[in-house]
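A short worksheet on the structure shown next.
The values are calculated or read from the model by the stated rules, or taken from the named source; none is laboratory data. Predicted model only: the values in this text are computed from it and were never measured. Because the Cβ atoms are built from the backbone with ideal geometry, glycine has one as well, and the counts that use them run over all protein chains shown.
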Amino acid sequence: MSLSAKVTSAVTKAFNAAGDIVKTGTLSTKSVTAYSFANRSTVSTTGTLSVQVIIQSTERPAGGGFTIKALLKSGPDISVYDTLTVGSKIFNIVDYVDSGFIIEAILKKEI
C-alpha cells in the first residue's frame, strides 16, 4: 500500500471516528444560463454535491460577520462551488486549501 493510500485511508478513518461532529453539508453553485427579456430576469441552474463536513472553529472579528473554518475530505473540485449549506445555515466559500487528502475551507456567514 502506497503512502498516499495510507493517508487517504487514515482521513477516512478519522472522519468515521469523529462521530456526531461530522455533519452532512451541500456544496452549491449557481450558473446563469440565459437572460429572459420577457421577465427581465436571469435564467440559472444550480448544481449541488453532498459532502461530509467538520466545523473546526468559528470566529467573529469586530465589526464583521462570522468566519468559520471547516474540514472536508478531498475529492470534489471545491473551486467550482460558491456556497456550503450545513443544516439550515448557508456559508459563502471565501478561500480553501486542498492538500490532496483534506480540504481546509474558510467560510463566511454574514450576521
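Which residue, of GLY47, GLY19, GLY65, is among the small types (Gly, Ala, Ser) and touching a residue at least 40 places away in the same chain (Cβ under 8 Å)?
Numbers: GLY47 fails: touching a residue at least 40 places away in the same chain (Cβ under 8 Å); GLY19 fails: touching a residue at least 40 places away in the same chain (Cβ under 8 Å).
So the residue among GLY47, GLY19, GLY65 that is among the small types (Gly, Ala, Ser) and touching a residue at least 40 places away in the same chain (Cβ under 8 Å) is GLY65.
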**OP:** State whether one or more residues within the stretch 73-90 are among the basic types (Lys, Arg), touching a Phe, Trp or Tyr at 6+ places or on another chain (Cβ under 9 Å) and farther than 30 Å from LYS6 by Cα.
**Re:** no
Subject >> Those residues of the stretch 75-99 which are without any contact (Cβ under 8 Å) to a residue 40 or more places away in the chain and part of a loop (DSSP other than H, G, I, E, B), in sequence order >> reply: GLY75, ASP77, SER88, SER99
Subject >> When residues of the stretch 10-66 are limited to those that are out of contact with any strand residue (DSSP E or B) (no Cβ under 9 Å at 6 or more places or on another chain) and assigned to a loop (DSSP other than H, G, I, E, B), the one modelled with the lowest pLDDT >> reply: GLY63
Original post:
Across the stretch 54-89, what is the number of residues that are among the hydrophobic types (A, V, I, L, M, F, W, C), surrounded by 15 or more Cβ atoms within 10 Å (Cβ to Cβ) and over 27 Å from SER9 (Cα atoms)?
Top reply: 1
**OP:** Confirm whether ILE102 is in contact (Cβ under 8 Å) with a residue 24 or more places away in the chain and under 18 Å from the mean Cα position of the chain (by Cα).
**Re:** yes
Subject >> Filter result (more than 16 Å from SER28 (Cα to Cα) and exposed (fewer than 15 other Cβ atoms within 10 Å of the Cβ)) within the stretch 90-100 >> reply: VAL97, SER99, GLY100
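One line per residue, one yes/no per condition, for (1) more than 21 Å from GLY100 (Cα to Cα); (2) among the aliphatic types (A, V, I, L, M); (3) out of contact with any helix residue (DSSP H, G or I) (no Cβ under 8 Å at 6 or more places or on another chain):
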| site | (1), (2), (3) |
| --- | --- |
| LYS23 | no, no, yes |
| ILE55 | no, yes, no |
| THR58 | yes, no, yes |
| THR83 | no, no, yes |
**OP:** Would you check which residues across the stretch 74-89 are closer than 17 Å to VAL22 by Cα and more than 10 Å from the chain's Cα centre (by Cα) and list them?
**Re:** SER74, GLY75, GLY87, SER88, LYS89
